[in-house]
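To keep things clear, I will list the structure first and then write my remarks on it.
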Amino acid sequence: MGNLKNLQIKSFLSRYTTFATFVALVFVLGILTGGSALTWSSIKTLLIAESVRAFASLGVGMIIITWGIDLSIGYVVCLCASVAASFAQIPTYESALYFGHDFLFFMPIIAGIVAGGIFGLLNGVLVAYGRLPPFIATLGTMSLARGIQLIYTKAQIVGSLKQGFKDIAQKSIGPDFLQIPLLAIYVLIASLGVWVFLKHTKQGTHFYAIGGNPQAARVSGIHVERDLVCVYFYAGLLYGIAGILQASRLGLANALTANGMELDAIAAVTVGGVSQTGGVGTVGGMIIGVFTMGLINYGMSFLSIDSYFQLLVKGAIILVAVFFDMKKYAKRA
């Protein structure tokens, strides 16, 4: 009986490693801070801080499932944030990119999503039809996005945004004692949408098949190139939304917006169980991975640990997560 129970525990931990890690971190942080880091106010702060990264993580998570990678995330989100912010500036602001033009409320949203979609489409075409390795293709588009952002904004801060635009990400709803950030609700809706897509649509199933074995997927009748373009395009749309929300949350955009977000997003989904060898990953794991990484950063900040050490810890977590991921799925090769 003892051996059977141990096997059951090991099986549970192996299957729900990400969730168990998150719970353990919450428990440890609660002990170290005497529970003060787990008040609703603190949890709300964590939700707000990680919600934008969640959109980027959902996008790159789908890409990694197809055995791809995207290094352009940070600068694409930065560009989308700048584009959205430029259409949301107060028209009488002297330094507005479109001085004197009062755009409709939905224009910043459309502009940001379109910008993300264009870069996602470009990444997909380069990878699927240009036959470029995803690492190289997205490294190139990362530089393109960076350059376009600097040219478009003239390396200036895009500020003085309309209050209505800022309310998109800055407001909360609910009673005074339990104010829920709108950002958290957006993440919930996006997560449900991606989950339904991956688990209950033919194309979602194709993504897993492509990541598992591209040649077998092609032989089985899957249009691999078309689906690869689609996955990068969908990810680009999510990056566009992330950019819009980031600009709305901060009330501005500049060249440092979303700096390093590609590292955060890739680390989060890897910790969340999305295999770097493709074909494996869940939306639940992606989101738990995002908040696990957020909890680590938040916990270290709460405990006044130097930010330089936070970078060391983040890098170590990525290495350890990938190491165990490769060992776990080594037999598939």
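The values are calculated or read from the model by the stated rules, or taken from the named source; none is laboratory data. Bear in mind the structure is a predicted one, so any value in this text is a computation, not a measurement. Using ideal geometry, Cβ is built from the backbone for each residue, glycine included, and neighbour counts are taken over all protein chains shown.
Any idea which residue in segment 272-286 is nearest to Gly68 (Cα to Cα), counting only those that are modelled with pLDDT under 95 and crowded, with 23+ Cβ neighbours inside 10 Å?
Looking at the filtered set, the residue picked out is Gly278.
Testing Ser160 on (1) over 21 Å from Ala247 (Cβ atoms); (2) polar (S, T, N, Q); (3) crowded, with 17+ Cβ neighbours inside 10 Å, one condition comes back false. Which one is that?
(1) is the only condition that Ser160 fails.
Can you tell me which residues in segment 193-214 are closer than 30 Å to Ala85 by Cα and either free of Cβ contacts under 8 Å to residues at least 60 places away in the same chain or of a type in the set (Asp, Glu) (or both)?
Within segment 193-214, Gly193, Phe197 qualify.
If we only count helices (runs of 4 or more DSSP H) wholly inside segment 33-147, which ones have 2 or more residues that are of a type outside the set (Gly, Ala, Ser) and free of Cβ contacts under 8 Å to residues at least 60 places away in the same chain?
In segment 33-147, 107-128 are the helices (runs of 4 or more DSSP H) which contain 2 or more residues that are of a type outside the set (Gly, Ala, Ser) and free of Cβ contacts under 8 Å to residues at least 60 places away in the same chain.
For Ala265, which of the numbered conditions (1) under 13 Å from the mean Cα position of the chain (by Cα); (2) surrounded by fewer than 19 Cβ atoms within 10 Å (Cβ to Cβ) fails to hold?
For Ala265, the failing item is (2).
Within segment 179-200, is even one residue β-branched (Val, Ile, Thr), surrounded by 15 or more Cβ atoms within 10 Å (Cβ to Cβ) and over 30 Å from Ile90 (Cβ atoms)?
Checking segment 179-200: at least one residue is β-branched (Val, Ile, Thr), surrounded by 15 or more Cβ atoms within 10 Å (Cβ to Cβ) and over 30 Å from Ile90 (Cβ atoms).
Quick check: is even one residue across segment 295-317 crowded, with 16+ Cβ neighbours inside 10 Å, among the hydroxyl-bearing types (Ser, Thr, Tyr) and modelled with pLDDT of 90 or more?
Among the residues of segment 295-317, not one is crowded, with 16+ Cβ neighbours inside 10 Å, among the hydroxyl-bearing types (Ser, Thr, Tyr) and modelled with pLDDT of 90 or more, which makes the answer no.
Search segment 65-104 for residues being in contact with a helix residue (DSSP H, G or I) (Cβ under 9 Å, 6 or more places away or on another chain) and aromatic (Phe, Trp, Tyr), and hand back the single one that is surrounded by the fewest Cβ atoms within 10 Å (Cβ to Cβ).
In this case the residue turns out to be Tyr98.
Considering (1) crowded, with 22+ Cβ neighbours inside 10 Å; (2) in contact with a Lys or Arg (Cβ under 9 Å, 6 or more places away or on another chain); (3) not hydrophobic (A, V, I, L, M, F, W, C), say which one Thr205 fails and leave the rest.
So Thr205 meets the others, but not (1).
Those residues that are over 13 Å from Leu46 (Cα atoms) and of a type in the set (Gly, Ala, Ser), I need them from segment 165-190; list them, please.
Ala169, Ser172, Gly174, Ala190
Of the conditions (1) in contact with a helix residue (DSSP H, G or I) (Cβ under 8 Å, 6 or more places away or on another chain); (2) on the phi < 0 side of the Ramachandran plot, Gly260 clears all except one; give me its number.
(2)
List the number of the failed condition for Leu245; all other conditions in (1) buried (at least 23 other Cβ atoms within 10 Å of the Cβ); (2) out of contact with any helix residue (DSSP H, G or I) (no Cβ under 9 Å at 6 or more places or on another chain); (3) not small (Gly, Ala, Ser) hold.
All conditions pass for Leu245, except number (2).
I need a count of the residues in segment 157-191 that are assigned to a helix (DSSP H, G or I), within 29 Å of Thr282 (Cβ to Cβ) and in contact (Cβ under 8 Å) with a residue 60 or more places away in the chain.
Within segment 157-191, residues that are assigned to a helix (DSSP H, G or I), within 29 Å of Thr282 (Cβ to Cβ) and in contact (Cβ under 8 Å) with a residue 60 or more places away in the chain number 9.
Residue check: is Ala24 at pLDDT below 95 and out of contact with any strand residue (DSSP E or B) (no Cβ under 7 Å at 6 or more places or on another chain)?
yes
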